[in-house]
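**Q** Before anything else, here's the structure in question.
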Amino acid sequence: MKKAQESGSGPFRIIYHIIQGALIGLGAVLPGISGGVLAVVFGVYKPAMEFLSNPFARFKTHVPLLVPYGIGGVVGFLGIANLLAFFLEKYPDPSVCLFIGLITGMLPSLFREAGEKGRSTGSW
């Protein structure tokens, strides 16, 4: 998988980053899907953390990369939030079942990860 800095060039790269940002924004709203994990997968987490820790150090390098992700993130976040509000109002029971399914689907990976680090009765 390519890192954020290497994925294409020109307007297609910007559109690609906006779409990835929208997916990260979607992951921030939906339960069971992590926006942070998606940022790592898309290769934007490290540049974002570098920028946030010291905004002026590599401003000209990070801002052109992060602006499309930010635009996409806002669009994805607001878009899915409005869509969820609509579905929760019109179809509350199926919407709640969707949330329960997303959260339940995440549990096996949590148990697997917890098993790798070990469990003890003291952790309950």
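The values are calculated or read from the model by the stated rules, or taken from the named source; none is laboratory data. Just so it is clear, the model here is predicted, and its values are computed rather than measured. FYI the Cβ positions are ideal-geometry reconstructions off the backbone, even for glycines, and counts take in every protein chain you see.
**Q** How many residues, within segment 67-87, are more than 30 Å from Pro55 (Cα to Cα) and either touching a Pro at 6+ places or on another chain (Cβ under 8 Å) or surrounded by 15 or more Cβ atoms within 10 Å (Cβ to Cβ) (or both)?
**A** Final tally of qualifying residues: 2.
**Q** Looking only at segment 20-63, count how many residues are touching a helix residue (DSSP H, G or I) at 6+ places or on another chain (Cβ under 6 Å), assigned to a helix (DSSP H, G or I) and of a type outside the set (A, V, I, L, M, F, W, C).
**A** Final tally of qualifying residues: 7.
**Q** Specify which of the listed residues (Leu26, Leu66, Leu30, Leu52) is at pLDDT 85 or above and either under 23 Å from Leu102 (Cβ atoms) or basic (Lys, Arg) (or both).
**A** Numbers: Leu66 fails: either under 23 Å from Leu102 (Cβ atoms) or basic (Lys, Arg) (or both); Leu30 fails: at pLDDT 85 or above; Leu52 fails: either under 23 Å from Leu102 (Cβ atoms) or basic (Lys, Arg) (or both).
Result: Leu26 is the single residue among Leu26, Leu66, Leu30, Leu52 that is at pLDDT 85 or above and either under 23 Å from Leu102 (Cβ atoms) or basic (Lys, Arg) (or both).
**Q** Kindly list the number of the only condition in (1) under 23 Å from Thr104 (Cβ atoms); (2) polar (S, T, N, Q); (3) at pLDDT 90 or above that fails for Gln20.
**A** (1)
**Q** Is there a residue being assigned to a loop (DSSP other than H, G, I, E, B) and among the charged types (D, E, K, R) anywhere in segment 5-14? Reasoning before the result, please.
**A** Taking segment 5-14 as the starting set, the residues that turn out to be assigned to a loop (DSSP other than H, G, I, E, B) are 7-9.
Keeping just the survivors that are among the charged types (D, E, K, R) gives none.
No; the residues of segment 5-14 include none that is assigned to a loop (DSSP other than H, G, I, E, B) and among the charged types (D, E, K, R).
**Q** Of the conditions (1) assigned to a loop (DSSP other than H, G, I, E, B); (2) in contact with a helix residue (DSSP H, G or I) (Cβ under 9 Å, 6 or more places away or on another chain), Leu66 clears all except one; give me its number.
**A** The one condition Leu66 does not meet is (1).
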